[in-house]
Amino acid sequence: MTHRVLIVDDQKDVSRLLRSALETIEHGLEVVEAPSGEEAILESTRKRVDLLISDFRLPGITGVELLRKFRIRNPDVKIILITGVSDTRSLREIEEAKADAYFSKPVPMGDFLDAVERTLGLARTIVQAPPPTPAEPEKDTLADILVKLRRDMKAIAVLLLDATGKIQAEAGTLPDPNTSLALMSTLISLHNAGQKAASLLDKNVDPLHLFHGEKTDGIFLAIGTTHAIFVVGPGIGEVGNLLNALEILAKFEVEILAALEKMGEVVQVEPEVPGGIPAYMEPFTQPENLSREFMKIFDQVGKKTTDANSFWDTVVEKGTTYAEPDKLTYEQASRLGLAPGGDAKK
């Protein structure tokens, strides 16, 4: 069965474009064109129309009025409206007309041809491309994050340091830029000491250092295990402001760690040791492959020794029974002045 399609548009280039597109789907459609609604009605009296494709804005009656007249004459007619208008009133009128489909100019040809096949009940030949995956929004850079952090904390400067004291990102300027180098060196020493103290207390402790001055306060906080952040601003270390400042820092810490990981930076290094005990605190484990000679020496280590006075007291009590030629008797030692309390005999 051949389906008859009537295209109604006063713009010839649009009408021809739609006709050429319909001819590509090879369903043997009979396509007719008309430049106005009145001529479209006249064309429908000559031969039945299965699908009406009409522009909304036409010379004379509108596309919606044409739709209503066609449905009175043929309730089964399928209708697609095309519009170049964008005002709310016209779009509402198009939606209320309940056409089988409608498109805004420029017409997306793939969707248009698919709608033609669907409304006429034809075999679907148009492969619909999957909807484009929305691009993942670009994540803020470290500099962007620090700018936001500085704004939220109303700080003068915010600096992110790595384990060597190098500034990886910053926002704002320190009160005295000339002291920057010495300050970074001091801060990183403080950071390393804080990390060491934290590992002895609890591996989950984040070292926090607070500097309170007359005009400027500073907060120095560990970020992960290899970075630290330094925030300088008036009043941020005061008791009434400190809690809020720490809450803001905790919120931004997540973003900073994510940005560092994206850059390939190591931000967390948890030592793999039994029970979480640092390596330098682990008990000594005796090797199994020690030689017998070394084991003998090893066994002697730690044995209780006898001091010289106790040794000679024991000799006096037990008597001189030593017969080894390479050792001295008590009497010989007394003569030489080596025995406790003894004087050398001249």
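A short reminder: the numbers here are calculations on the coordinates, not readings from a lab. In this text the structure is predicted, and so the values were computed from the model without any measurement. Cβ placement follows ideal geometry from the backbone for every residue including glycine, while neighbour counts extend to all protein chains displayed.
Per the Kirkwood definition applied to all pairs of different Cα atoms, how many angstroms is the hydrodynamic radius of segment 139-191? Working shown, then result.
Details: mean 1/r = 0.0859 Å⁻¹.
Result for segment 139-191, one decimal place: 11.6 Å.
Here the peptides 2-9, 237-244 are ranked by packing, the mean other Cβ count within 10 Å, and the order with the highest first is 2-9, 237-244. Kirkwood-type hydrodynamic radius, segment 4-120: 14.0 Å, calculated from all non-identical alpha-carbon pairs.
For ASP152, ASP76, ASP114, ASP55, which order do you get if you count the other beta carbons within 10 Å of each Cβ and list the fewest first?
Working: ASP152 14, ASP76 7, ASP114 18, ASP55 25.
The fewest-first ordering by Cβ neighbours comes to ASP76, ASP152, ASP114, ASP55.
Each peptide among 79-89, 140-150 gets the average number of other Cβ atoms lying within 10 Å of its residues, and from highest to lowest they stand as 140-150, 79-89. Expressed in Å, the radius of gyration and Dmax of the Cα atoms of segment 142-262 are 13.4, 39.
Using a cut-off of 13 Å between beta-carbons, work out the net charge of the residues near GLU33 (Lys and Arg +1, Asp and Glu -1, GLU33 not included).
So the environment of GLU33 carries a net charge of -4.
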